[in-house]
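Novice: Before we start, here is the structure in question, set down as structure tokens.
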There are 2 protein chains.
Amino acid sequence: MTTATPAPLTTGGSANEFHVYDTTLRDGAQQEGLSLSVNDKLVIARHLDDLGVGFIEGGWPGAIPKDTEFFARAARELSLRNAVLAAFGATRRPGGTAAADPQVRALLASQAAMVTLVAKCHPRHVEQALRTTLEENLAMVVDTVRFLVAEGRRVVLDAEHFFDGYRDDPAYALEVVERAAQAGAEVVALCDTNGGMLPPQIADAVNEVLGATGARLGIHCHNDTGCAVANSLAAIEAGATHVQGTLNGYGERTGNADLVTVVANLVIKRQRLVLEPQRLREATRIAHAVSEVTNVVPYSRQPYVGASAFAHKGGLHASAIRVDPGLYQHADPRAVGNDMRMLVSDMAGRASIELKGRELGYDLAGQGEVLSRITDRVKALEARGYTFDAADASFELLLREEVDGERARFFDVESWRVITDSRPDACAMSEATVKLFAAGRRVVATGEGNGPVNALDQALRQALLPAYPELEPLQLIDFRVRILDAAHGTDATTRVLIETSDGATSWGTVGVAPNIVEASWEALVDGICYGLVRHGVQRR
Amino acid sequence: MTTATPAPLTTGGSANEFHVYDTTLRDGAQQEGLSLSVNDKLVIARHLDDLGVGFIEGGWPGAIPKDTEFFARAARELSLRNAVLAAFGATRRPGGTAAADPQVRALLASQAAMVTLVAKCHPRHVEQALRTTLEENLAMVVDTVRFLVAEGRRVVLDAEHFFDGYRDDPAYALEVVERAAQAGAEVVALCDTNGGMLPPQIADAVNEVLGATGARLGIHCHNDTGCAVANSLAAIEAGATHVQGTLNGYGERTGNADLVTVVANLVIKRQRLVLEPQRLREATRIAHAVSEVTNVVPYSRQPYVGASAFAHKGGLHASAIRVDPGLYQHADPRAVGNDMRMLVSDMAGRASIELKGRELGYDLAGQGEVLSRITDRVKALEARGYTFDAADASFELLLREEVDGERARFFDVESWRVITDSRPDACAMSEATVKLFAAGRRVVATGEGNGPVNALDQALRQALLPAYPELEPLQLIDFRVRILDAAHGTDATTRVLIETSDGATSWGTVGVAPNIVEASWEALVDGICYGLVRHGVQRR
């Protein structure tokens, strides 16, 4: 390998050697289906600060009322330990002055220590979108940067569509960079706004711009060619010392560069300490916490922090992993706060089941017959639509049943029923009745809820509490539904995954049935049984 | 830009100049949550052939019974027009002969014209996972390649863990490549099995191996650093002429290189015609059709073929796109069979709503007051959990209501109720009763179904058919549920998205309520109303 490894860099928040600049709250929020309240933004900003990024771009005050409010509340409520807040905005309007431009004044009023100005450097964009002259566009950049610097702000210039512009008219694109730097911009971030570049183009351009202007350069990439991370790294190898990205790669179209992936690659693969290792260990937790706030389903295949990122399923791999986990992992999952997982699947075979058993505390080595029975049952259930990847608790109940010779049964169900009624001028209500035998007695209980699963959960809990008071702290915390379509069988089947918590920890269970309510019931019952097993409760 | 553009290459199926090699059915199937039946594999193979890939790796005959069956059925049932089938397998066992090895014989018996042999070239893997000597490992490679070539098979050697091995012991890794090529392997595919590499490492290694051995090289990447696509491209720029990947980037952990993204980049960005342009235009359709078979939810941010890949939401962009769509797109979405879309969102403002209206056939330019009312209502509904990104029909009903001054109302609902009952030894059944007024008459109808939504759909349709026989062909074809958690409000809210089809086309509607049944009802009603509006039906 002939690639030179650059010297390690120190960091710490907004240290000057290298900028880790997050734009989740501004460019990330452009993602389809994503909408952040001011509260959401404040919560995410705290997570970003915990992660140790140097800069948090909070939004566009003056242009978006929610963002104006964000900066006002951030000044009062956020006490950031690591990060500097940046306000995003545009250069002054054509023909005016920066000092008199209401949008520029709103940037000042935001009290953000850093201002990131978007500017055009592609002649077609200047003429067709901005509808001004190339000369006036340069004046807008210079005036606005100078004005903000004179007012004591650190300024980043986001050179929009830089790489397209540089391809079509390199002289003009270079002039924008040069004039912005001369006017006092601390960094000129070259943006692949349309996301169409590949790494060699980025590397060449950054090299050339650095040589021609000497300006401090940043990089802002989108993932339209699937190369946002590689493009960011190519720019950094070529000399950029400021990288922009978003948590979970949120962003318009295919998203922005995933900041955690970029940073993890720099720290783990290139030994560039742009983030403190103990903060990087928070990355998985923070990426998932943020997806709770954004309500965007986490992408399980996300590099480093995805639920599947260190999950192994192949039978070939599983048997080798028993020998040496390092052989099949490109990095230690703990470095980003993630875990290695063995998946239970019909492809895995007995080696994976044995490993999974070990993970759960069962030594199945040498118990060939039990292993075979479990493997067969898992295969048969998967053929019917079950999946145990996200339902460890249901798998453990099955495993225990085969190991112990009988299923943990805490009660016997006679029947259940749920009625959901529309109500005039109010939300629909659901009412569930459960009839079962527990602790030697027949119990009939009715529960109400704002949905059928909620009502069944209430009724079941009410029926069981007298016999099993240990159920008191249990709570249904997540509920996911997937319709398995006809491609997999003749009839549509519903798979329900439920997450149950006892306050300290949580576990997943699965139910499958044509009827969504029945599938939910199955997962609910497993969730409660597992809670009792977990607390060592015996049948009463 | 100084990057040299290689000369265009012709292609067509399994043409020799460049191999587009798909391993969705083998390596892709290792993905968490993915399980393919033999039928599924046959369906996907036909899609891959339509896409025009040169090679389809079907599985591991002899090791996985389902895969043995796949090759047997493929020989009888598949008539591929473009692609060559490849069987994946291992070299002979240590100490034996290739001719007598049952696993090697199973590869022959599969009748696949190409055999891809996985071989180790990393000393630690040879010694610890394979438990044999370095010399015997070389003999295993040479014997097995020679035997299969003598039997008339084309052979690819998958050099597993190549890049890790090359880093730790370059001489041994090179020897494996050299010996395989000398023994008759057509291609040696260098595999970044653990996915930990970055593009410069890949480029350097491919350059060096090519210089040292002269073997024809392929590349097989995983996405653990988020660089699978860029790594594949780096290898190709360095001289590899065979690329392996999977549809939708399926694969273990973070997945394999997304073959469509790699190919689209080569064709569109590098002008290398490794796939015929008219076949590339099928890519979006095929990627989505395959996700129907795999039952893996499509990733909306997927490059080129994702639902969001050419979707625009920002107000800034939206106003510029009116001027020139080319300014904000890195490629023509039609080149991959995708479309530009304008999203309706609280961030977009009136410019996007106006464009969206135009997309739907409404000219709202100059109708400032109507535009403001629609924008305000969309904002208010989004704040309550609605999303119109995937519910164009619900949005159009809202837009029509504001334009026409009243909502399209075809009937008036009095009440509805759904009962779901467990049944001994049978699936639970749901029964719905709907009471409504249509065509001047009060109707009470009851429907049964295998779930509450299905039952409501039956009852509603039955109640309306006498007045609106146009509803006959309508069918509910997709149903998605999302629980919006408490981070967005005090109570959990359920959002239901429904897709309704009239056989010719389909449309999406949305419902939001605390109760999943009520949210479903709302989306069902919108779906039916839109079907009537669409067919120009008047209220009766």
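Novice: Pull up segment B:390-407, narrow it to residues that are touching a Cys at 6+ places or on another chain (Cβ under 9 Å) and crowded, with 17+ Cβ neighbours inside 10 Å, then point me to the one that is nearest to the other protein chains (Cβ to nearest Cβ). Before you say what the answer is, go through the steps one by one.
Specialist: Applying the first criterion (touching a Cys at 6+ places or on another chain (Cβ under 9 Å)) to segment B:390-407 yields B:393, B:397, B:407.
Pick out the ones that are also crowded, with 17+ Cβ neighbours inside 10 Å and you get B:393, B:397.
Details: B:393: 17, B:397: 20 Å.
Among those residues, the one meeting the criterion is B:393.
Novice: Can you find even one residue in segment A:370-385 that is assigned to a loop (DSSP other than H, G, I, E, B) and of a type outside the set (Phe, Trp, Tyr)? Walk me through how you get there before you give the answer.
Specialist: Of segment A:370-385, the ones assigned to a loop (DSSP other than H, G, I, E, B) are A:384-385.
Subset that is of a type outside the set (Phe, Trp, Tyr): A:384-385.
Yes, segment A:370-385 contains a residue that is assigned to a loop (DSSP other than H, G, I, E, B) and of a type outside the set (Phe, Trp, Tyr).
Novice: Does segment A:444-473 hold any residues that are surrounded by fewer than 20 Cβ atoms within 10 Å (Cβ to Cβ) and of a type in the set (Val, Ile, Thr), and which are they?
Specialist: Of everything in segment A:444-473, those that are surrounded by fewer than 20 Cβ atoms within 10 Å (Cβ to Cβ) and of a type in the set (Val, Ile, Thr) turn out to be A:444, A:446.
Novice: Right, another one. Residues in segment B:27-46 that are among the basic types (Lys, Arg) and either crowded, with 24+ Cβ neighbours inside 10 Å or within 23 Å of residue B:93 (Cα to Cα) (or both): how many?
Specialist: Filtering segment B:27-46 down to residues among the basic types (Lys, Arg) leaves B:41, B:46.
Within this subset, residues satisfying the condition of being either crowded, with 24+ Cβ neighbours inside 10 Å or within 23 Å of residue B:93 (Cα to Cα) (or both) are B:41.
Final tally of qualifying residues: 1.
Novice: Kindly check whether there is at least one residue in segment A:412-426 that is modelled with pLDDT of 90 or more, assigned to a strand (DSSP E or B), over 22 Å from residue A:532 (Cα atoms) and of a type in the set (Lys, Arg).
Specialist: yes
Listed here are the residues, each with its yes/no results for (1) closer than 28 Å to residue A:224 by Cα; (2) surrounded by fewer than 18 Cβ atoms within 10 Å (Cβ to Cβ); (3) in contact with a strand residue (DSSP E or B) (Cβ under 6 Å, 6 or more places away or on another chain).
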residue: A:23; (1), (2), (3): yes, no, yes
residue: A:48; (1), (2), (3): yes, no, yes
residue: A:59; (1), (2), (3): yes, no, no
residue: A:69; (1), (2), (3): no, yes, no
residue: A:77; (1), (2), (3): no, yes, no
residue: A:95; (1), (2), (3): no, yes, no
residue: A:102; (1), (2), (3): no, yes, no
residue: A:107; (1), (2), (3): no, no, yes
residue: A:110; (1), (2), (3): no, no, yes
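Novice: With respect to residue A:172, determine if the residue is under 35 Å from the mean Cα position of the chain (by Cα), closer than 24 Å to residue A:239 by Cα and in a helix (DSSP H, G or I).
Specialist: No: the conditions fail for residue A:172.
Novice: Between B:445, B:459, which is closer than 28 Å to residue A:493 by Cβ, within 14 Å of chain A (Cβ to nearest Cβ) and at pLDDT 95 or above?
Specialist: Just a single option satisfies the conditions, and that option is B:459.
Novice: Let me ask you something else. Within the group A:52, A:62, A:13, which residue is at pLDDT below 95 and within 29 Å of residue A:254 (Cβ to Cβ)?
Specialist: Details: A:52 fails: at pLDDT below 95; A:13 fails: within 29 Å of residue A:254 (Cβ to Cβ).
A:62 is the lone residue from the list that is at pLDDT below 95 and within 29 Å of residue A:254 (Cβ to Cβ).
Novice: Given the structure, is residue A:129 out of contact with any helix residue (DSSP H, G or I) (no Cβ under 6 Å at 6 or more places or on another chain), in a helix (DSSP H, G or I), aliphatic (A, V, I, L, M) and surrounded by 17 or more Cβ atoms within 10 Å (Cβ to Cβ)?
Specialist: no
Novice: Filter segment B:330-361 down to the residues that are crowded, with 19+ Cβ neighbours inside 10 Å and modelled with pLDDT of 85 or more and list them by number.
Specialist: Passing the criteria: B:330, B:331, B:333, B:336, B:338.
Novice: Condition (residue is buried (at least 21 other Cβ atoms within 10 Å of the Cβ), more than 10 Å from chain A (Cβ to nearest Cβ) and touching a His at 6+ places or on another chain (Cβ under 9 Å)) applied to segment B:208-218: is it met by at least one residue? Spell out the reasoning first.
Specialist: First pass over segment B:208-218, keeping only residues buried (at least 21 other Cβ atoms within 10 Å of the Cβ): B:209, B:215, B:217-218.
Pick out the ones that are also more than 10 Å from chain A (Cβ to nearest Cβ) and you get B:209, B:215, B:217-218.
Pick out the ones that are also touching a His at 6+ places or on another chain (Cβ under 9 Å) and you get B:217-218.
So far as segment B:208-218 goes, yes, one or more of its residues are buried (at least 21 other Cβ atoms within 10 Å of the Cβ), more than 10 Å from chain A (Cβ to nearest Cβ) and touching a His at 6+ places or on another chain (Cβ under 9 Å).
Novice: Can you name every residue in segment A:281-310 that is outside any loop (DSSP other than H, G, I, E, B), closer than 22 Å to residue A:268 by Cα and in contact (Cβ under 8 Å) with a residue 60 or more places away in the chain? I'd like the intermediate steps shown before the answer.
Specialist: Restricting attention to segment A:281-310, the residues satisfying the condition of being outside any loop (DSSP other than H, G, I, E, B) are A:283-294.
Now restrict to residues that are closer than 22 Å to residue A:268 by Cα: A:283-288.
Correct list: A:283, A:286.
Novice: Now a separate question. For segment B:254-275, which positions are under 20 Å from residue A:304 (Cβ atoms) and either among the polar types (S, T, N, Q) or touching a residue at least 60 places away in the same chain (Cβ under 8 Å) (or both)? First the steps, then the outcome.
Specialist: Keep residues of segment B:254-275 that are under 20 Å from residue A:304 (Cβ atoms), which gives B:254-258, B:261.
Of everything in segment B:254-275, those that are under 20 Å from residue A:304 (Cβ atoms) and either among the polar types (S, T, N, Q) or touching a residue at least 60 places away in the same chain (Cβ under 8 Å) (or both) turn out to be B:254, B:255, B:256, B:261.
Novice: Let me ask you something else. Quick one: how many residues across segment A:222-241 are within 21 Å of residue A:84 (Cα to Cα) and in contact with a helix residue (DSSP H, G or I) (Cβ under 9 Å, 6 or more places away or on another chain)? Explain how you work it out, then say what you get.
Specialist: Initial filter on segment A:222-241 (within 21 Å of residue A:84 (Cα to Cα)): A:240-241.
Going one step further and asking which of them are in contact with a helix residue (DSSP H, G or I) (Cβ under 9 Å, 6 or more places away or on another chain), we end up with A:240.
Count: 1.
Novice: Sort out which residues of segment B:191-216 are under 23 Å from residue A:304 (Cβ atoms) and not in a loop (DSSP other than H, G, I, E, B), and write them in order of number. Don't jump to the end; show me each part of the working.
Specialist: If we filter segment B:191-216 for residues that are under 23 Å from residue A:304 (Cβ atoms), which is where we start, we get B:191-203, B:205.
Passing the criteria: B:191, B:192, B:199, B:200, B:201, B:202, B:203, B:205.
Novice: I'm trying to understand the selection: among the residues of segment B:245-262, which are in a loop (DSSP other than H, G, I, E, B) and on the phi < 0 side of the Ramachandran plot? Break it down into steps so the answer makes sense when it comes.
Specialist: In the first step, residues of segment B:245-262 are kept if they are in a loop (DSSP other than H, G, I, E, B); the result is B:250-255, B:257.
Selection gives B:250, B:252, B:254, B:257.
Novice: Which condition from (1) under 17 Å from residue B:29 (Cβ atoms); (2) out of contact with any Pro (no Cβ under 9 Å at 6 or more places or on another chain); (3) surrounded by fewer than 19 Cβ atoms within 10 Å (Cβ to Cβ) is the one that residue B:291 breaks?
Specialist: Only one criterion is unmet by residue B:291, namely (2).
Novice: OK, next. Report yes if some residue within segment B:227-234 is within 8 Å of chain A (Cβ to nearest Cβ) and over 26 Å from residue B:29 (Cβ atoms); otherwise report no.
Specialist: yes
Novice: Right, something else. Assess whether residue A:42 counts as being modelled with pLDDT of 90 or more, within 15 Å of the chain's Cα centre (by Cα) and assigned to a helix (DSSP H, G or I). Full working, then the answer.
Specialist: Working: modelled with pLDDT of 90 or more: yes; within 15 Å of the chain's Cα centre (by Cα): no; assigned to a helix (DSSP H, G or I): yes.
Answer is no for this residue.
The values are calculated or read from the model by the stated rules, or taken from the named source; none is laboratory data. Remember, it's a predicted structure, so these values are computed and weren't measured experimentally. Cβ sites come from the backbone with ideal geometry, for glycine too, and all protein chains shown count toward neighbours.
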